[in-house]
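The structure follows.
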Amino acid sequence: MNATQLSLLAFSSVLAVSCTTTKNYAIQAKSGTDTQGTVKFVQTGKMVKMDLNVYKLTPGIHAVHIHEKGDCSAADGSSAGGHWNPTAHQHGRWDQGEFHMGDIGNINADKDGTARKIFKTDKWCIGCQDESKNIIGKTLIIHAKEDDFHTQPTGNAGGRVGCVEIK
């Protein structure tokens with residue numbers, strides 16, 4: 001390998017590393033619950049991966065959505081506003097017909113109240129200029145009930161038991 005090839009290889013490696021953005025957050029309990037956990041967002045190129053780990057939920061199915069305002073200050077999580085819906089679509093199931101950009105789906109908490117969801121999409125970005133994709137300034141909300149994927153505009157997901165300000 002000559003010096004030019006080595007230089008190009010080194011530059012490509014630096015560029016590949018610099019194209020990754022990672023954000024880690026702790027979940028704030030809401031609505032008098034003990035909900036705990038973490039969420040990690042990693043953007044590599046145009047793909048965003050969310051790794052959600054939740055503890056101390058009531059066993060069963062819980063909806064997970066991204067909401068429009070990056071604010072977890074209210075005790076019931078209502079300060080996060082409604083679902084993030086920059087495209088003004090109907091609520092639904094991700095990638096099936098119409099859906100909000102915040103319609104992530106459900107998690108299933110086991111008998112110990114533990115749940116995990118890994119979610120990947122190229123429809124989001126971390127800090128880009130496209131407000132229809134940028135998740136910075138939004139919240140991740142974990143709901144008390146499951147998303148039924150058809151009740152408008154919320155999926156009948158119930159109260160908000162966990163909140164994360166995505167900054």
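The values are calculated or read from the model by the stated rules, or taken from the named source; none is laboratory data. Bear in mind the structure is a predicted one, so any value in this text is a computation, not a measurement. Positions of Cβ are generated from backbone atoms using ideal geometry, with glycine treated the same way; all protein chains shown enter the neighbour counts.
I'd like the full set of residues that are closer than 25 Å to P153 by Cβ and touching a Leu at 6+ places or on another chain (Cβ under 9 Å), limited to the range 103-135.
I104, I107, A109, A115, K117, F119 - these are the residues of the range 103-135 that are closer than 25 Å to P153 by Cβ and touching a Leu at 6+ places or on another chain (Cβ under 9 Å).
Please name all residue pairs, on different chains or six or more residues apart, with Cβ atoms under 7 Å, provided the first residue is in the range 144-156 and is closer than 22 Å to T33 by Cβ and in contact (Cβ under 8 Å) with a residue 60 or more places away in the chain and the second residue is in a loop (DSSP other than H, G, I, E, B) and of a type in the set (F, W, Y).
So the pair list comes out as G155/F149.
Same structure again: Looking at the range 125-136, is at least one residue small (G, A, S) and closer than 14 Å to V64 by Cα?
no
Within the range 85-96, can one find any residue that is buried (at least 22 other Cβ atoms within 10 Å of the Cβ) and over 16 Å from G158 (Cα atoms)? So that I can check it myself, show each step before the final result.
The first filter runs over the range 85-96 and keeps only residues buried (at least 22 other Cβ atoms within 10 Å of the Cβ), leaving 91.
Still in the list and also over 16 Å from G158 (Cα atoms): none.
Looking for residues that are buried (at least 22 other Cβ atoms within 10 Å of the Cβ) and over 16 Å from G158 (Cα atoms), one finds none in the range 85-96, hence no.
Go through (1) free of Cβ contacts under 8 Å to residues at least 60 places away in the same chain; (2) under 16 Å from V161 (Cβ atoms) for V39 and report which single condition fails.
(1)
If you don't mind, there's one more thing I want to ask. For the range 37-61, name all the residues that are of a type in the set (S, T, N, Q) and buried (at least 17 other Cβ atoms within 10 Å of the Cβ).
Q43
Of the conditions (1) of a type outside the set (K, R); (2) buried (at least 22 other Cβ atoms within 10 Å of the Cβ); (3) closer than 22 Å to K23 by Cα, A157 clears all except one; give me its number.
(3)
Please go through the range 113-167 and give me each residue that is more than 16 Å from D76 (Cα to Cα) and hydroxyl-bearing (S, T, Y), ordered by number.
T114, T121, S132, T151
Each row is one residue, and each column tells you yes or no for (1) under 15 Å from I27 (Cβ atoms); (2) modelled with pLDDT of 95 or more.
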position	(1), (2)
V64	yes, yes
W94	no, no
F99	no, no
N108	no, yes
K138	yes, yes
E146	no, yes
G162	yes, yes
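Name the single residue, out of those in the range 123-135 being over 29 Å from G60 (Cα atoms) and touching a residue at least 12 places away in the same chain (Cβ under 8 Å), that is surrounded by the most Cβ atoms within 10 Å (Cβ to Cβ).
Ranking the candidates gives C125 first.
Residues checked against (1) in a helix (DSSP H, G or I); (2) closer than 18 Å to A157 by Cα; (3) free of Cβ contacts under 8 Å to residues at least 24 places away in the same chain; (4) touching a strand residue (DSSP E or B) at 6+ places or on another chain (Cβ under 7 Å):
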{"site": "T21", "(1), (2), (3), (4)": "no, no, no, yes"}
{"site": "Y25", "(1), (2), (3), (4)": "no, no, no, yes"}
{"site": "S31", "(1), (2), (3), (4)": "no, yes, no, yes"}
{"site": "H62", "(1), (2), (3), (4)": "no, yes, no, yes"}
{"site": "S79", "(1), (2), (3), (4)": "yes, yes, yes, no"}
